[in-house]
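Worksheet: one structure, shown below.
The values are calculated or read from the model by the stated rules, or taken from the named source; none is laboratory data. Please read all numbers here as calculations on a predicted model, not as lab measurements. We place every Cβ from the backbone using ideal geometry, glycine too, and count neighbours over all the protein chains shown. Side chains are part of the model used for accessible areas, which takes the heavy atoms of the whole protein and leaves out ligands, DNA and RNA. Shrake-Rupley method; radii C 1.70, N 1.55, O 1.52, S 1.80 Å.
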Amino acid sequence: RFKYTFNKNGDLIRLDEFHKMHFWKTINYTRNKIGNYIEKSYNYYDSLDNIKGTDNWIFQFNKKGERILEIWVSGKDTIRTNRLSYDNRGNYTEQLTDDWLKWRFKYDDNNQVIERDQCHLRGDSIQCHSLTKYQYENGLLKRQIIYTIGNDISKEFGYIYDSKLRLIKIMEQWYSRVKHGSEPWSTEIRTTITKFDNDDKGNCLKKSEFRDNDTKPFRCTYYDYKYY
């Protein structure tokens, strides 16, 4: 179970995660005047809902106010280091994690991300093993395709909206190469369908997930809202 707290501008400032109705973890954000978070911390709880530990993120910013360095610190230990890059339009274009795992992003003229690849650094070379492409229609994400090494499609998403441009369904297909005994290799396709029930304000009230041709969902997530 999760609880989200927002400020008056609609920015997330706190996320509470519960296990069996008890606090497990809280993420706190401190934001600047334009809504970007400048501080971030984790609180961990024991079975009596008492804080048993705290982790912090240390950030560095460039002259434009863009976050270019993120360091996750637990006590005296550094857990993770992210180095971030941006283009001249302020789009987030690259993340290097722990000096070996890299993500790269490309955008269209509308600043919508159209490609993302995931790579590993090996010595002086870079090896990319996953490429994701995004397709849009009238500003809405309609299709997402994930390619693996060899240019094979491993996963594909289709997004469906209602007349009020609210997301109501995601069609997800997984592709895998299988071999049964002496038969030749074939492609097996598994499907997951996610349906969303929304209220009149566009808030999602229920998310239902179905496998293949099942008529009953294998998982449902429910949402409620409070306004102050």
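What the phi angles of the stretch 161-176 give under the Karplus curve with 6.51, -1.76 and 1.60, with θ = phi - 60°, is a coupling list of 10, 8, 5, 9, 6, 9, 5, 10, 7, 10, 9, 10, 10, 10, 10, 9 Hz, glycine and proline written as x. Ranked by the mean number of other Cβ atoms within 10 Å per residue, highest first, peptides 117-125, 133-141 order as 133-141, 117-125. Mean-square fluctuation check for the chain, GNM, Cα pairs under 10 Å: which of L84, L131, L15 is largest? For the chain, modelled as a Gaussian network with Cα springs under 10 Å, the answer is L15. Straight-line cross-link reach from K226 at under 14 Å between alpha-carbon atoms covers these aspartates and glutamates, not counting any fewer than eight positions away in the same chain: D199.
Cα-Cα over 23 Å: which of K8/K40; K40/K169; K64/K106; K3/K52; K52/K207? Violating the 23 Å limit, Cα to Cα: K40/K169; K52/K207.
For the chain, carbon and sulfur atoms together expose 49% of the accessible surface, with a 1.4 angstrom probe and every protein chain in place. With the largest listed first and rounded to whole Å, the semi-axes of the equivalent ellipsoid of the stretch 47-183 from the Cα gyration tensor are 31, 23, 21. For C204, C128, the ranking by accessible surface with the largest value first comes to C128, C204, using a 1.4 Å probe. For E156, the solvent-accessible surface with a 1.4 Å probe is about 30 Å², rounded to the nearest 10.
Calculated accessible area for the stretch 97-216 comes out at 67 Å² per residue, all protein chains present (probe 1.4 Å; ligands, DNA, RNA ignored). Counting residues in the stretch 6-54 as N, plug N into 2.2 N^0.38 Å and put the Cα Rg over that result. Relative to the 2.2 N^0.38 Å estimate, the stretch 6-54 comes out at 1.29.
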